[in-house]
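To start, the structure under review is shown below, and the notes come after it.
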There are 2 protein chains.
Amino acid sequence: MNIAVAQSGGPTCAINASLVGVFRESLKEPSIDAIFGSVNGVEGIIRDHLIDLKTMIRSNEDMELLRQTPSTVLGSCRYKLPDWQEDESTYQNIVQVLKRRQIGAFFYIGGNDSMDTVQKLSSYFKEIELDVKVMGIPKTIDNDLCVTDHTPGFGSAAKYVATTMQEIIRDSSVYSIPSVTIVEIMGRHAGWLTASSAILHAYGDPAPHLVYVPETHFSADRFLRDVEQEMAKHKAVIIAVSEGIEVPEGVQSGTVDVFGHKYLSGIGKYLEQLVREKIGCKVRSIELNVMQRCSSHLCSKTDIDEAEQIGAAGVQCALRGETGRVVVFRRMHNMPYTVVIESADASQVANREKFLPHEFLTPAGNNISEAAMAYLLPLIQGEIKLQMNGGIPAHFTIQESVLK
Amino acid sequence: MNIAVAQSGGPTCAINASLVGVFRESLKEPSIDAIFGSVNGVEGIIRDHLIDLKTMIRSNEDMELLRQTPSTVLGSCRYKLPDWQEDESTYQNIVQVLKRRQIGAFFYIGGNDSMDTVQKLSSYFKEIELDVKVMGIPKTIDNDLCVTDHTPGFGSAAKYVATTMQEIIRDSSVYSIPSVTIVEIMGRHAGWLTASSAILHAYGDPAPHLVYVPETHFSADRFLRDVEQEMAKHKAVIIAVSEGIEVPEGVQSGTVDVFGHKYLSGIGKYLEQLVREKIGCKVRSIELNVMQRCSSHLCSKTDIDEAEQIGAAGVQCALRGETGRVVVFRRMHNMPYTVVIESADASQVANREKFLPHEFLTPAGNNISEAAMAYLLPLIQGEIKLQMNGGIPAHFTIQESVLK
């Protein structure tokens, strides 16, 4: 039997480690012959654009490099598979390719949208009695997937956010005049990544002094009162804010992707303008932007190791006959941190979002509580010993011409 | 004799290493008793806000931590000293404090504005025959100081820019549709830091495909033609642009600091809008923002070691009787990279800027030439083994109450 693996959705620092997990585990299995990488997610299967990964990843050194390379080495997509009842031709196309390539299992590394694809494909294969297993392997820096304790990619992004927030605090505190610094953080509609900026509290730093997440109602008046209160206490006030907080119409660009998600941006600039106009002090906003999801030079070893393990577990599930399911983490202990990998039905994960629990927020709703720390801290632990190449990290890449 | 040291201007990753250099070298000198840190640059001397550094930095471990802590641990300022002929009272104030504290040498770590202060103070002390040596120790991520081969702080910022550019390239290349990514980089009126994003060319990466620096005339029409040409060759076009390129009035915010420098911002957003309107493809802009100057988790060991050495050399110059001078690097060889530390008159450095030489640009003026690589590469080499504290880098800090 051959297998295929694809990567989908927004890049993370851990999505290539999950690919390594699938690849390395498959190499161990005598029943698995070719390991195909599907280029640009499920689109690669539709277009029969598959590459033989054994010709690309040729050594354990290659696998180590791939583990420290951010983003999706096989490319990605935001393709939404239609319902088969509406458009069966795409499914027939996929089936044809899978049969011709003798593919018995397909592994899809992605977020909640990709789990929609896992669910739809596996249902269709059951319907037509095609024995191809479909397994979802989770990833997203947003940490907003249901069922799983956390998602691969989140721990590295959280480590980047906490580290960078600490550096921005140092940078923002040097002048003698009062100032406000607003740091805009990703996470779509969930505040997980923004909450991780408050990890510094666990190490005695009072900053960020204010944290706004989408889980609480945002009021501009309340925000300005909060800022003025903190300015009375601190010379340099540092604020973390989620890209997805609720603000007046028109602030966000409003462009919508194929899954109906708005591309969010501009919250930091909006709040900066608000402070400048209404308070009139020195103020600036900083967008951590894509660096949050691609700064693999600062990844969490816990995250990268787990991402590889959950990829490998996905292969074992498929070999045991599972399909239409997603591998997930269940946390057994915070200290010593212990997780086990299980699987769940893709329908429990697809198209759903998981939000910060109420107890992770302070009663005033403008900061993160101590309760969040026991959850967050284990996920950012450990560093990968980076392979450097003349002063910059070495990356594993596939030639552009092969991916075209 | 006692000495005083202060930090000034915009933060860097290396300015605390230079402080360690002054401190450690002074500890070795039996002629030096107290080592005072002046809070918020020269303002600390004017206000007699000096702290005894020996009570703060108590071990070699503290010094190691300080070396890996970004920004100015003693605070900073953008204070412009008036000419003494216009306002002698500030100078008399300073002299009073220096005499009362028995300070025989003052070390000012800063950029070209701070060297203006070094020049003015030393001239005044000569005028009134006060035996206090004043030495400038250079720093700036902009690398725009004259005389010196390069400035402490630049190498770490360049390493951050090159590493982050490589990660953004990975992040930007995953989708199958054509796209343009614009990365806005600091450096005021000089293109040194933007040029360092092209270090990737030395390792075989064709990106960034276009690089715009303030040293060449910018034309929007020419830019759009360049982008279209690159789009014909590459699916994901990556562009590096200096914050200081010449664009239409109103794009930059135009706020001016006390030295008459404009605060630059918004170039990336301006070009993003230009591409969206005139070409109409997927486009985004990313501002590397203050992370360029404070990401000490990714500093250049060469830079940090040199920053400490040049701080120590400043102490030796003062002990030899020099005043009104700045310690500078002179490069002897690119390979093996060899620098020596000399000193130059502060007037040669103060209020001047150094620009990218013509030969570091391609003939078309829209990219960086191979000639720049021999200069840039040695500066980003080596990594500091970071001390971590529960998943994030440990920093050395002084209590806010002491700095108030």
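Computed from the coordinates by the stated procedures, all read-outs in this text should not be read as laboratory data. What you see is a predicted model, and the numbers here were worked out from it, not measured in a lab. Neighbour counts are summed over all protein chains in view; Cβ atoms, including those assigned to glycine, are modelled from backbone coordinates with ideal geometry.
How about the stretch B:15-104: which GluC sites (Glu not before Pro) there lie in a loop by DSSP and see at most 12 other Cβ atoms within 10 Å?
Working: sites: B:25, B:43, B:61, B:64, B:86, B:88; in loops: B:86.
For GluC sites (Glu not before Pro) across the stretch B:15-104 that sit outside H, G, I, E and B with at most 12 neighbouring Cβ atoms in 10 Å, the list reads B:86.
Which of the residue pairs A:235/B:269; A:54/A:80; B:233/B:282; A:385/B:385; B:139/B:354 have a Cα-Cα distance greater than 21 Å in the structure shown?
Values: A:235/B:269 30 Å; A:54/A:80 29 Å; B:233/B:282 16 Å; A:385/B:385 10 Å; B:139/B:354 14 Å.
Cα-Cα > 21 Å for A:235/B:269; A:54/A:80; rest within.
Defining a contact as two alpha carbons under 8 Å apart and six or more residues distant in sequence, what relative contact order in percent does the stretch B:154-294 show? The partial results should precede the final answer.
Numbers: 245 pairs, mean separation 45.7, N = 141.
Rounded, it is 32 percent for the stretch B:154-294.
Counting pairs of alpha carbon atoms under 8 Å apart in space and at least six apart in sequence, what relative contact order in percent does chain A give?
Values: 881 pairs, mean separation 93.3, N = 404.
This gives 23 percent for chain A.
Rounded to the nearest 500, what is the 222 nm mean residue ellipticity of chain A from helices alone, with -39500 (n - 2.57) per DSSP H run of 4+ residues and division by all residues?
On the way: 14 runs with 142 residues, N = 404.
It comes out at -10500 deg cm²/dmol, rounded to the nearest 500.
In nm, one decimal, shortest first: how far is the label point of residue A:221 (7 Å from Cα along Cα to beta carbon) from the matching points in the other copies?
For residue A:221, the inter-copy label distances come out at 5.3 nm.
Nearest-5 percent of antiparallel DSSP beta bridges in the stretch B:1-110? Can you show the working numbers first?
Values: 3 of 13 bridges.
Here the share of antiparallel DSSP bridges comes out near 25 percent.
Are there chymotrypsin sites (Phe, Trp or Tyr not before Pro) in the stretch A:1-87 that DSSP marks as loop and that have at most 15 other Cβ atoms within 10 Å, and which are they? Could you put the intermediate results ahead of the total?
Working: sites: A:23, A:36, A:79, A:84; in loops: A:79, A:84.
Passing both the DSSP loop test and the Cβ count: no residue.
Are there GluC sites (Glu not before Pro) in the stretch A:266-311 that DSSP marks as loop and that have at most 13 other Cβ atoms within 10 Å, and which are they?
On the way: sites: A:272, A:277, A:287, A:306, A:308; in loops: none.
Answer by residue number: there is no such site.
Considering only chain A, what is the antiparallel percent among its DSSP beta bridges, to the nearest 5? Working shown, then result.
Working: 16 of 50 bridges.
The answer is about 30 percent antiparallel.
Non-local amide H neighbours of residue B:212 (under 5 Å, H modeled in plane, Pro and chain starts lacking H): which ones?
Amide H to amide H, under 5 Å and 5 or more residues apart or across chains, residue B:212 pairs with B:240, B:241, B:242.
What distance in nm lies between label points placed 7 Å from Cα along the C-beta direction at residue B:29 and residue B:85?
3.2
Using the Cα centre as the reference, give the magnitude of the dipole from point charges on the C-beta atoms of chain B (Lys, Arg: +1; Asp, Glu: -1; all else neutral), rounded to the nearest 20 debye.
580
Hey, if you put +1 on the Cβ of every Lys and Arg and -1 on every Asp and Glu Cβ in the stretch A:1-150, which of A:22, A:53, A:39 ends up farthest toward the positive end of that dipole?
So the residue furthest toward the plus end is A:53.
Once you charge only the Cβ atoms, +1 for Lys and Arg and -1 for Asp and Glu, what is the size of the charge dipole of the stretch B:154-294 about its Cα centre, to the nearest 20 debye?
In total the dipole reaches around 260 debye.
Along the charge dipole of the stretch B:154-294, Cβ charges K/R +1 and D/E -1, which of B:220, B:194, B:181 sits furthest on the positive end?
Of the listed residues, the answer is B:181.
Looking at A:102, A:125, A:91, which one has the Cα that reaches farthest to the positive end of the dipole of the stretch A:82-126 (charges on Cβ: Lys, Arg +1; Asp, Glu -1)?
A:102
Relative to the other copies, what are the label-point distances for residue B:321, with labels 7 Å from Cα along the C-beta vector, expressed in nm at one decimal and sorted shortest first?
Here residue B:321 shows inter-copy label distances of 9.4 nm.
Looking at the stretch A:154-294, what % of its DSSP beta bridges pair antiparallel, to the nearest 5?
The antiparallel proportion sits near 5 percent.
Which one, B:100, B:24, B:67, has the greatest fluctuation when you compute a Gaussian network model over chain B with C-alpha springs under 10 angstrom?
B:100
Within 10 Å, count the other beta carbons around each residue, average over each peptide in B:3-9, B:185-191, B:312-318, and list them highest first. Provide the component values of the computation, followed by the final result.
On the way: B:3-9: 27.7, B:185-191: 25.4, B:312-318: 23.7.
Result, highest mean Cβ count within 10 Å first: B:3-9, B:185-191, B:312-318.
Label position 7 Å from Cα toward Cβ: report the copy-to-copy distances for residue A:278 in nm, one decimal, ordered from shortest.
3.8
Taking 0.36 nm per residue of sequence separation and subtracting the Cα-Cα distance, how much length would be gained by fully extending the chain between residue B:282 and residue B:228, in nm to one decimal? Walk me through the numbers on the way to the answer.
Working: separation 54, 0.36 × 54 = 19.44 nm, distance 1.28 nm.
The span from residue B:282 to residue B:228 would gain 18.2 nm if fully extended.
Straight distance only, please: which aspartates and glutamates reach the Cα of residue A:278 with their own Cα at less than 18 Å, same-chain residues fewer than 8 apart left out?
The qualifying aspartates and glutamates are A:221, A:226, A:228, A:230.
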